[in-house]
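I have placed the structure first, in the form of structure tokens, so that the comments after it can refer back to it.
The values are calculated or read from the model by the stated rules, or taken from the named source; none is laboratory data. Computed from a predicted structure; not experimentally measured. Here Cβ is always computed from backbone atoms with ideal geometry, including for glycine, and neighbour counts include all displayed protein chains.
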């Protein structure tokens, strides 16, 4: 769409080309802002902090902030939390296993990742219901088309979250614990503007924390519920998972590929360039469509059909690739894998609840998320 300065990338190879070149194609786009009203920006300036996160910076700043976060989210660190995460999964199942029917998103897919990321960040479990309200408000602008009042209400709730994080920081300054917020309060970042290390500023810790909170629960919740929907549509794969639990790992990757929770992001071309034979002027916005790239038949034969033996199942775009790959990708994968392993062990005959599923999705082109999905099941024998 050269007339509006935006180009949509849908082929896997073109998307990978852009994402592997973060200096040539920088994050975000001034021509496609997330917040549509100046009043929202004014409210942040008056009552809160910037919505931006240091983890969204471009190079070279981005790398220095990622170095602060990535060590807490390695496979080794997450496996240390495996007993806690498996315990949380079983605790949730215990709460409804005698009912035979649940609202799967509300009663399992949403609370699980929130319990986990709150534990890692250092938030008390009693605050989880309010954290979920704030988290949902943070995501709401991605649906686009909000009225002024709707957007302002989402911003007000996000500012409440910012102040909650700030108050938590003050408590942890006095009483640090083994969590990410305490770590951020006691490490330094290399500031490329002054070429030396310094402590993180309050607004930077707030931005990193709320980014991890949202990214650590919303997209994983969407992925788990999307996985159930995929099993409803492909009962042969449900049977295969029941027969061979070793296929769960590939199943999780196929869910992420076919039903990518994050459908795309934007980049800005820093120079005139050619992508896929199309000339793109400097300053153009590139709409990177992860979901479309994950359905590219040149990369994935029969792309819309899950294949539990697919050799390249994990080489998808659901978490991005390159410098800006999602910091919580490994955590999300383990959560989903352990969740499905335990669900398959404890319940059987999973099926749609008659008359309750309309499979409606949240509005917008950026997220792929069911509003709810209802599950009927039997206890495993």
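Observations on the structure shown:
- Residue match in region 343-351 (condition: under 23 Å from the mean Cα position of the chain (by Cα) and within 30 Å of residue 101 (Cα to Cα)): yes
- Restricting region 158-174 to residues that are over 17 Å from residue 45 (Cβ atoms) and in contact with a helix residue (DSSP H, G or I) (Cβ under 7 Å, 6 or more places away or on another chain), the residue that is surrounded by the fewest Cβ atoms within 10 Å (Cβ to Cβ): 173
- Residue 48 touching a strand residue (DSSP E or B) at 6+ places or on another chain (Cβ under 9 Å) and touching a residue at least 24 places away in the same chain (Cβ under 8 Å): no
- Yes/no for residue 65 being within 30 Å of residue 354 (Cβ to Cβ) and surrounded by 14 or more Cβ atoms within 10 Å (Cβ to Cβ): no
- Of all residue pairs spaced 6 or more apart or on separate chains, those with beta-carbon atoms under 7 Å, a first member in region 173-188 that is without any contact (Cβ under 8 Å) to a residue 12 or more places away in the chain and a second member that is surrounded by fewer than 14 Cβ atoms within 10 Å (Cβ to Cβ) are 176/186.
- Single condition residue 47 does not satisfy, out of (1) surrounded by 17 or more Cβ atoms within 10 Å (Cβ to Cβ); (2) at pLDDT 95 or above; (3) closer than 23 Å to residue 139 by Cβ: (1)
- Tallying residues that are within 22 Å of residue 244 (Cβ to Cβ) and without any contact (Cβ under 8 Å) to a residue 24 or more places away in the chain within region 297-314 yields 4.
- Filter result for residue 146 (in a loop (DSSP other than H, G, I, E, B) and in contact (Cβ under 8 Å) with a residue 40 or more places away in the chain): yes
- Tallying residues that are more than 23 Å from the chain's Cα centre (by Cα) and part of a helix (DSSP H, G or I) within region 169-206 yields 8.
- Residue match in region 20-38 (condition: part of a helix (DSSP H, G or I), in contact with a helix residue (DSSP H, G or I) (Cβ under 7 Å, 6 or more places away or on another chain) and in contact (Cβ under 8 Å) with a residue 12 or more places away in the chain): no
- If the condition is being in a loop (DSSP other than H, G, I, E, B) and more than 23 Å from residue 137 (Cα to Cα), then region 359-381 contributes 380, 381.
- Of all residues in region 52-66, those satisfying the criterion of being out of contact with any strand residue (DSSP E or B) (no Cβ under 7 Å at 6 or more places or on another chain) and either at pLDDT 90 or above or in a helix (DSSP H, G or I) (or both) are 54, 55, 61, 62, 63, 66.
- In summary, residue 226 fulfils each of the numbered conditions (1) more than 30 Å from residue 351 (Cα to Cα); (2) crowded, with 16+ Cβ neighbours inside 10 Å; (3) touching a helix residue (DSSP H, G or I) at 6+ places or on another chain (Cβ under 9 Å); (4) touching a residue at least 60 places away in the same chain (Cβ under 8 Å) with the single exception of condition (1).
- Subset of region 71-99 [touching a strand residue (DSSP E or B) at 6+ places or on another chain (Cβ under 9 Å) and surrounded by 14 or more Cβ atoms within 10 Å (Cβ to Cβ)]: 93, 96, 97
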